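I have placed the structure first, in the form of structure tokens, so that the comments after it can refer back to it.
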Amino acid sequence: MEREWVWYGGRLSIDFVNTRKQRYAAGRELLLSSADLDDWLATAGLRGHAPLAEATELREAIDAGVRSVVAHTAFPAATRKTINHWLARTEPPHLEMRAGAPVLRTHTGPLSRIALDAAELFGTDTRNRLRICAGSDCSGRFVDLSAGQRRRWCVMAVCGNRAKAAQHRRTKGST
Ligand SMILES: [Zn+2]
């Protein structure tokens, strides 16, 4: 099955937030099953599995954080709590001996990896680069990594061009 994953978020945790699209309206869920989640995690390069309900709970907590940063409102306590919950489940990497040779073992699950990415984003000045696409039917989340930090669209070729075409239609209609 062809899935509609988008990867313009600029960060792992923001790409994850964008697995729910069209948030300007009621939202359209792309993670409808554990198989969807498995596919997203694998495509994102994360190993392991995670329960769907816990994954979407973390995702919505991160999105609440994104919205608060963009709107300059108080950072949600629940978001911090949820992220910290998953950070606490991060195990330090360590060396194990296997057949006389040391092997690097890491047991950090995919949701802890996503939470760590979100913590690095929210917990540093990078949070000031968080944006919500200005496309009237989009609201995709992304981190503006451009030098000028004036990016308005998730993907210029999609939402930017659509907005330009709408502007063009309005201009023509008014003359
Ligand atoms: Zn967009």
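Taking CYS154, is it in contact with a strand residue (DSSP E or B) (Cβ under 6 Å, 6 or more places away or on another chain) and part of a loop (DSSP other than H, G, I, E, B)?
yes
Report the residue count in the range 102-135 for those that are in contact (Cβ under 8 Å) with a residue 40 or more places away in the chain and part of a loop (DSSP other than H, G, I, E, B).
Result for the range 102-135: 1.
Please go through the range 129-175 and give me each residue that is within 15 Å of the chain's Cα centre (by Cα) and either over 21 Å from GLY27 (Cα atoms) or away from the ligand (no atom under 16 Å from the Cβ) (or both), ordered by number.
Across the range 129-175, the qualifying residues are ARG129, ASP144, LEU145.
If you scan the range 1-28, which residues turn out to be in contact (Cβ under 8 Å) with a residue 24 or more places away in the chain and acidic (Asp, Glu)?
Hits for the range 1-28 are GLU4, ASP15.
Kindly indicate whether any position in the range 23-34 is under 24 Å from THR106 (Cα atoms) and surrounded by fewer than 19 Cβ atoms within 10 Å (Cβ to Cβ).
Yes, that holds for at least one residue.
Bear in mind these aren't lab numbers, they're just calculated from the coordinates by the rules spelled out. Since this is a predicted model, take the numbers as computed values, not measurements. All Cβ positions, even for glycine, are placed from backbone atoms using ideal geometry, and neighbour counts span all protein chains on display.
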